[in-house]
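**Student:** Below is the structure I would like to discuss, written out as structure tokens.
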Amino acid sequence: MSRTRVWLFGATLAVYVAIVVGVLTTSKLVTLDWQVMLWRPYKQWPQIHAFLDYFVVLGQRGPTAVMVLAWLSWRAWRRRTLYPLLVLGTSLLLLNITVGAVKYGLGRLGPHYATSVGSAEMFAGGDIFPSGHTANAVVTWGVLAYLGTTPRARRWGSIASALLALGVGATTVYLGTHWVSDVLLGWAAGLLILLALPWFEPAMASAEAHLTAGWARLFHRGSRRTARSLTAVPAGALARADGDDDGPDGTSAPRQPVTAKGPHTAARATAARQTAGRHERTTTTPAGSRRPQQSEHPRSAGPLVHQQARGRGIAG
């Protein structure tokens, strides 16, 4: 908060208080209000009435907030920061609190609902003082100048937002929806909010840090949960697909772990068990082999020798 900004804030606050006091005391400011209202500007220049009916929308809170929010959201995404959105949110919150409290606290009626000529129409259940259109135009478009990245951008943005705010305020007087003093107080109220924004910079920085950290924790937690769900083995995956503990030949076949990698997993597991069962069977000699079988206990050669001796004796 520079010294120049502090002096501007003090001077604007003094003007704000002077306008409120002037209306409460039914000073010449109230007389000016009635003179302009009875002059009826919308009847003096009816040819621009249709255009100003559309132009005054630039001071309505809903349409202007949507337009500025769209622009600042793009800037926030491009720069990967929540600062522009926090500035807009803080300024609109201050606008609603300060302007709304004064509106309903003073309860002034508008020109179309005035009951007594020359009176201030205060504390009569109205909500016209200060002008919400004017204050909103100052704050909403002024935020764009406040967020300018270069001195030139801030300077031209300030000029453009000031012209828009002046035009919206003058249009409400032309249409007869506000007193002149309503517009003057609306300009002062909006300017006070813009001048006070640097005092809320630490709070906005802290909010941005907390929101960024919370989003990072939430994103990290979601990433870990997704990773666990992708790598987890389904319950009962180690159970055999056909529920049988024995292999094809009656022996116990080793279990194959089943994983959820494809629709034919059970078929592949069954084929593997059948192959393992065939490998465990005893190898047999092929039928019709010409290879003589050798006895494990060969006979003694003794009897054969005696038989050959007797045969030679008989032959002799």
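The values are calculated or read from the model by the stated rules, or taken from the named source; none is laboratory data. If you're wondering where the values come from, they're calculated on a predicted model, not measured in any experiment. In this analysis, Cβ positions are derived from the backbone assuming ideal geometry, glycine residues included, and neighbour counts consider all displayed protein chains. Ligands, DNA and RNA are stripped out before the accessible areas are found, and what is left, the full protein with its side chains, is counted by its heavy atoms. Shrake-Rupley method; radii C 1.70, N 1.55, O 1.52, S 1.80 Å.
**Student:** Sorting check: for 145-156, 52-63, 118-129, which peptide has the highest mean count of neighbouring beta carbons within 10 Å, and how do the rest follow? Could the numbers behind the result be given before it?
**Tutor:** Working: 145-156: 13.2, 52-63: 15.4, 118-129: 17.3.
Listed from highest to lowest mean packing, they are 118-129, 52-63, 145-156.
**Student:** Further question: Report the Rg/Rh value for region 87-230, based on alpha-carbon coordinates and the Kirkwood definition of Rh.
**Tutor:** Working: Rg = 20.9 Å, Rh = 17.5 Å.
Rg/Rh for region 87-230 comes to 1.19.
**Student:** Express the accessible area of region 24-107 per residue in Å², computed with a 1.4 Å probe while the remaining protein chains stay in the model. Intermediate values should be presented prior to the final figure.
**Tutor:** Details: 5250 Å² over 84 residues.
Averaged over the residues of region 24-107, the accessible area is 63 Å².
**Student:** Further, regarding this structure: Stretched out fully, how many nm does the piece from Trp71 to Glu201 gain, at 0.36 nm a residue minus the Cα gap?
**Tutor:** Numbers: separation 130, 0.36 × 130 = 46.80 nm, distance 2.07 nm.
Answer, rounded to one decimal: 44.7 nm.
**Student:** Let me ask something additional. For the ranges 86-94, 10-18, what's the packing order if you count other beta-carbon atoms within 10 Å of each residue, average per peptide, and put the highest first? Provide the component values of the computation, followed by the final result.
**Tutor:** Values: 86-94: 19.0, 10-18: 14.2.
Per-residue mean Cβ counts within 10 Å order the peptides as 86-94, 10-18.
**Student:** Here's a follow-up. Take the Cα pairs of region 21-123, get the Kirkwood Rh, then feed it into Stokes-Einstein at 4 °C and 1.567 mPa s and tell me D in µm²/s.
**Tutor:** 76
**Student:** Related question: Can you tell me which of 39-45, 134-140, 29-35 comes out highest on packing, and rank the rest after it, using the mean Cβ neighbours within 10 Å? Please list the in-between numbers first.
**Tutor:** Working: 39-45: 12.1, 134-140: 29.0, 29-35: 16.9.
Peptide ranking by packing, descending: 134-140, 29-35, 39-45.
**Student:** In addition: Separation between the Ala209 and Val57 pseudo-spin-labels, each 7 Å from Cα along Cα→Cβ, expressed in nm?
**Tutor:** The answer from the label model is 4.3 nm.
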